[in-house]
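**Q** Handing you this structure, nothing more for now.
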Amino acid sequence: AYRRQRQMCKETALQNRSSNSYTLNINGSVINNGTIRNNPTIYHLSLNIGGNITNNGSWNNYNITLNGSSAQHISCDAGKFFDLYSFYGNNSRATVYFDSDVKFTGTIINLREDEIIFSAEHSLTIDGGYLYNGSLSGSDIILIMNENAYLRSLNIQNNCELQGTCQISDYVCLLYTS
């Protein structure tokens, strides 16, 4: 797999070749100002990302796995979202910060025991798919669930405003503090 310290897509498309599924390992941050996608004809593109993620463009690939050695920050420009099959935390009980409203469409989100901290009053929207195996915290969390999205094996700390239809599949704990 190709390695680079910082990847920036600016008014271009990043995709796998049509001959196979590929994984791109990115040790630094990703700022998407173009298109990141699976090849439109066949197969998948997976990304292992060690730095922060900023989505200002179109993002529709198979998988994102966070693998940074310290906290990672994720943000989306207004109206932008991640259309993925799966999104994985980095499996090291690390902290992930959502620095803006973040939206996933049809995505299985496995936090791998990571904690997502919402900075300021930002929302997480899940249209289809589900969120599990971790915790959400922040001063004011807005969780928007649509299109049969559901939660399981999740701790939600502090104030959380639930919007849409929030379905519970397994253990979910709401821990409110004053």
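The values are calculated or read from the model by the stated rules, or taken from the named source; none is laboratory data. Quick caveat, the model's predicted, so the values are computed rather than measured. Note that we place each Cβ from the backbone using ideal geometry, even for glycine, and neighbour counts take in every protein chain shown. Just so you know, the surface numbers come from the protein's heavy atoms only, side chains and all, with ligands and any DNA or RNA stripped out. Shrake-Rupley method; radii C 1.70, N 1.55, O 1.52, S 1.80 Å.
**Q** At 7 Å along Cα-to-Cβ for each site, give me the label-to-label distance between Thr95 and Leu175 in nm.
**A** Computed distance between label sites Thr95 and Leu175 equals 1.4 nm.
**Q** A further question follows. Compute the label zone of Thr165 within the stretch 105-127: residues whose backbone N is under 17 Å from the point 7 Å along Cα-to-Cβ.
**A** 106-107, 126-127
**Q** Something else now. Can you order the peptides 100-109, 145-154 by their average number of other Cβ atoms within 10 Å per residue, highest first?
**A** The packing order, highest mean first, is 100-109, 145-154.
**Q** Counting residues in the chain as N, plug N into 2.2 N^0.38 Å and put the Cα Rg over that result.
**A** Against the compact-globule rule of thumb, the ratio is 1.00.
**Q** For the stretch 137-177, give the share of DSSP beta bridges that are antiparallel, in percent and rounded to the nearest 5; count only bridges with both residues there.
**A** 0 percent
**Q** Considering only protein heavy atoms and a probe of 1.4 Å, how much of the accessible area of the chain is carbon and sulfur, as a whole percent?
**A** Taking all protein chains in place, the chain shows 42 percent carbon and sulfur surface.
**Q** Using only Cα positions of the stretch 83-156, each an equal point scatterer, no hydration layer, compute I(q)/I(0) via Debye at q = 0.12, 0.22 Å⁻¹ and quote the log10 values to two decimals.
**A** Ignoring solvent entirely, the Cα scatterers give -0.27, -0.97.
**Q** Just going by the charge dipole of the stretch 1-150, with Lys and Arg at +1 and Asp and Glu at -1 on Cβ, which of Tyr88, Phe118, Cys76 is farthest out on the positive end?
**A** Tyr88
**Q** Further question: At 1.4 Å probe radius, can you tell me the per residue accessible area of the stretch 22-178 in Å²?
**A** Result: 43 Å² of accessible area for each residue.
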